[in-house]
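Below: the structure, in structure tokens.
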Amino acid sequence: QVQLVESGGGLVQAGGSLRLSCAASGSIFNINAMGWYRQAPGKQRELVAHITSGGGTNYADSVKGRFTISRDNAKNTVYLQMNSLKPEDTAVYYCAALTVQGNYWGQGTQVTVSS
């Protein structure tokens, strides 16, 4: 079992920045990769960014150049730095841990970007 706790969401004006954090605990040695996903009202959940245990990253085209995913292995924490935020970035953001046993999800944190 892996437990994930997200923090850092909130309300920000367009062009602003937020940093999301996701702290992992439990069977963290089973984690192959971690990612951030988001779900806007009426839309499907989508991948935002992904980081492997080796540090490889990939991003959705819509956030490339604006968002950065990183990890602090000593703290078992993954971050999502979000810059130049746009109203279309408004969504609930979820942290996910990908393991061979399956995927684990955090509870989600709301990000709202006002125009």
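The values are calculated or read from the model by the stated rules, or taken from the named source; none is laboratory data. Small disclaimer: the values here were computed from a predicted structure and weren't measured. Glycine gets a Cβ as well: all are built from the backbone with ideal geometry, and neighbour counts include every protein chain shown. For accessibility, only protein heavy atoms count, side chains too; no ligands or nucleic acids. Shrake-Rupley method; radii C 1.70, N 1.55, O 1.52, S 1.80 Å.
With a 1.4 Å probe and all protein chains kept in place, how much accessible area does residue 75 have, in Å² rounded to the nearest 10?
That residue has around 130 Å² of solvent-accessible surface.
Please turn the phi angles of the stretch 4-11 into ³J(HN,Hα) values with the Karplus equation 6.51 cos²θ - 1.76 cosθ + 1.60 (θ = phi - 60°), one per residue in order, whole Hz, x for glycine and proline.
For the stretch 4-11, the Karplus-derived couplings read 10, 10, 9, 7, x, x, x, 9 Hz, x marking Gly and Pro.
Would you mind telling me which residue in 54, 35, 15 has the biggest mean-square fluctuation in a Gaussian network model of the chain, where springs connect alpha carbons within a distance under 10 angstrom?
Result for the chain, Cα springs under 10 Å: 54 fluctuates most.
Which percent of the accessible area of the chain is formed by carbon and sulfur heavy atoms (probe 1.4 angstrom)?
Roughly 48 percent of what the probe reaches on the chain is carbon or sulfur.
Where only protein heavy atoms count, and the probe is 1.4 Å, what is the accessible area per residue for the stretch 1-110 in Å²?
For the stretch 1-110, the per-residue accessible area is 51 Å².
Just to confirm a number: summing +1 for Lys and Arg and -1 for Asp and Glu over residues other than residue 83 whose beta-carbon lies under 14 angstrom from that of residue 83, what do you get?
Residues near residue 83 contribute +3 overall.
Give me the percent relative contact order of the stretch 14-113, please, defined on Cα pairs under 8 angstrom at least 6 residues apart.
34 percent.
Divide, for the stretch 1-76, the radius of gyration over alpha carbons by 2.2 N^0.38 Å, where N is the residue count.
1.17
For the chain, set up a GNM with springs between Cα atoms under 10 Å and report which of 102, 42, 56 has the largest fluctuation.
Greatest mean-square fluctuation among the candidates belongs to 42.
Quick one: net charge around residue 10, please, counting Lys, Arg +1 and Asp, Glu -1 for every other residue with C-beta under 13 Å from its C-beta.
Its environment carries a net charge of -1.
Amide H neighbours of residue 26 under 5 Å, at least 5 residues apart or on other chains, H built in the peptide plane: list them.
Correct list: 3.
Report the local net charge at residue 62: Lys and Arg +1, Asp and Glu -1, summed over other residues whose C-beta lies under 15 Å from its C-beta.
+2
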